[in-house]
Amino acid sequence: MPEDVRSYDPKRRWLAAVGVAAMAIILGGGWFLLSEVRTSAPAAAAAPPAPAVGVRLVAQKGVSQSFEFVGHIKATDKVELRARVEGFLEKVLFREGQDVKAGQLLYQIEKVQYEALVEQAKANVAAAEAESINAKLEYSRQLELSKKQYSAQSVVDQNRAVMDTAAAKIMQAKAALRQAEVNLDYTDIRAPIDGRIGLHAYTLGNLVNPASGVLTTIVSQDPIYVLFPISVRDLETIREARRKEGGGLNKIEILVRLANGQLYAHPGTWNFTDPQVDQQTDTLIMRATIPNPERTLADGQVITAIIRERKEEPRLVVPQTALQVDQSGYYVLVVTAEHRVELRRLKTGPNIGTDVVALSGLKDGDKVIVDGIQKVRPGQIVQETVLPPPASSG
């Protein structure tokens with residue numbers, strides 16, 4: 001038997017095979033465990049950077065505060081001319097739309113019948129005076145006779161009554177004369193005020209009387225009123241804005257912006273505030289007088305009335321782009337010295353260009369967020385960049 005066959009040991013061969021298999025399992029399991037550890041171990045997550053925002057500094061500016069309201073123009077005087085006596089129009093002495101002066105003759109109604117009535121009334125006065133003279137003489141004669149017992153006292157009393165009646169007739173005749181003269185004067189219709197006259201309702205030759213209605217209208221031109229409604233809340237805001245530290249009030253002027261957006265050249269002066277509030281609208285009427293030398297403004301014209309302080313005062317302003325609003329009112333987001341976002345409630349005043357006056361809630365130098373507001377919230381740390389004010393600001 002060969003030597004290699006004799007040395008063959010089946011048991012030892014089996015043990016060797018088992019050892020090889022075990023080694024393969026151990027090695028394979030170790031690789032699997034190592035792979036699992038490598039796969040499941042998370043990478044260390046880097047902390048996200050603080051969000052970047054743009055801020056602007058709150059600063060004081062010289063501000064002449066203004067408040068705007070929709071209003072209208074109203075003439076200081078407006079007169080509707082009417083006929084006070086009946087007659088045909090004999091003369092029309094003006095052009096429609098022209099300026100007229102107080103006392104200027106505008107219409108003339110036929111005079112003949114009224115002149116005749118005046119003459120008749122004068123004659124009645126003369127007759128009454130003559131009758132009165134005769135009654136006085138008769139009374140004097142009877143009085144002297146009664147003193148000598150030649151005339152009864154009853155006759156004297158009767159003559160006294162006749163004399164008094166004659167005197168009363170004089171008064172009646174003079175009153176009728178005065179009325180006739182007034183009616184004659186009413187045939188001349190004159191302008192009671194300075195102003196601009198309107199359209200004819202009746203032309204030359206028409207029959208007019210007190211029932212004919214308005215013949216024409218005269219509207220005063222210079223000065224003229226500006227009227228506008230203002231809510232009680234706005235009025236309190238204006239008063240608070242005008243109040244000085246010493247207790248006085250800043251003076252105001254009234255400006256007018258026309259429908260085309262242009263500012264009217266002449267400022268007005270406030271002169272009246274309605275003492276009664278309209279309970280349906282919670283508003284009252286304010287009025288100002290404004291010059292109108294060029295006749296630019298017309299009665300009934302719709303305008304924008306602007307209440308403005310005459311003198312600029314230093315006030316804190318904040319960009320309108322920083323302003324937010326919710327159910328509790330206006331607020332802004334401020335970046336503190338610790339770079340943390342803070343919510344500040346504001347009480348605002350009027351708009352000044354691209355800014356708005358901050359009456360309370362901010363101080364000079366505060367940094368309000370104007371860019372990136374949507375990506376931050378109160379309490380969050382941010383990286384702020386101070387932005388320059390826009391060219392149109394203020």
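Can you tell me which residues in the range 80-97 are assigned to a strand (DSSP E or B) and crowded, with 16+ Cβ neighbours inside 10 Å? Passing the criteria: 81, 82, 87, 89, 92.
Restricting 288, 305, 259, 265 to those that are in contact with a Phe, Trp or Tyr (Cβ under 7 Å, 6 or more places away or on another chain), farther than 23 Å from residue 218 by Cα and among the small types (Gly, Ala, Ser) reduces the list to 305. Within the range 294-305, restricting attention to residues that are farther than 15 Å from residue 77 by Cβ and among the hydrophobic types (A, V, I, L, M, F, W, C), which residue is farthest from the chain's Cα centre (by Cα)? Top of the filtered list is 302. Taking into account only those residues within the range 266-293 that are more than 13 Å from the chain's Cα centre (by Cα) and of a type in the set (Val, Ile, Thr), which is surrounded by the fewest Cβ atoms within 10 Å (Cβ to Cβ)? Looking at the filtered set, the residue picked out is 281. In the list 348, 296, 336, which residue meets the criterion of being outside the structural domain of residue 57 (by TED's automatic domain parsing) and either more than 23 Å from residue 231 (Cα to Cα) or not acidic (Asp, Glu) (or both)? One residue alone meets the criteria, 296.
Per the conditions (1) touching a Ser or Thr at 6+ places or on another chain (Cβ under 8 Å); (2) more than 30 Å from residue 223 (Cα to Cα); (3) acidic (Asp, Glu), the sole criterion not satisfied by residue 326 is (1).
Here is a yes/no grid of residues against (1) touching a residue at least 24 places away in the same chain (Cβ under 8 Å); (2) among the basic types (Lys, Arg); (3) in the same structural domain as residue 177 (by TED's automatic domain parsing):
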site: 102; (1), (2), (3): yes, no, yes
site: 112; (1), (2), (3): no, no, yes
site: 123; (1), (2), (3): no, no, yes
site: 140; (1), (2), (3): no, no, yes
site: 148; (1), (2), (3): no, yes, yes
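Out of curiosity, is residue 364 under 30 Å from residue 223 (Cα atoms) and of a type outside the set (Val, Ile, Thr)? Here the answer is no, as residue 364 does not meet what is asked.
Residues being buried (at least 18 other Cβ atoms within 10 Å of the Cβ), within 60 Å of the chain's Cα centre (by Cα) and not hydroxyl-bearing (Ser, Thr, Tyr): count how many of those fall in the range 109-148. Residues that pass the stated criteria total 3. Could you say whether any residue in the range 187-200 is in contact with a helix residue (DSSP H, G or I) (Cβ under 8 Å, 6 or more places away or on another chain), modelled with pLDDT of 90 or more and of a type in the set (Ser, Thr, Tyr)? The answer is yes, given that some residue of the range 187-200 is in contact with a helix residue (DSSP H, G or I) (Cβ under 8 Å, 6 or more places away or on another chain), modelled with pLDDT of 90 or more and of a type in the set (Ser, Thr, Tyr).
Among the residues of the range 254-265, those that are loosely packed, with under 15 Cβ neighbours inside 10 Å, without any contact (Cβ under 8 Å) to a residue 60 or more places away in the chain and not hydrophobic (A, V, I, L, M, F, W, C) comprise 260, 261, 262. Filtering the range 329-370 to residues that are surrounded by 14 or more Cβ atoms within 10 Å (Cβ to Cβ), polar (S, T, N, Q) and farther than 11 Å from residue 316 by Cβ leaves 351, 354.
The values are calculated or read from the model by the stated rules, or taken from the named source; none is laboratory data. This one's a predicted model, so the numbers in the text were calculated from it and none came from an experiment. In this analysis, Cβ positions are derived from the backbone assuming ideal geometry, glycine residues included, and neighbour counts consider all displayed protein chains.
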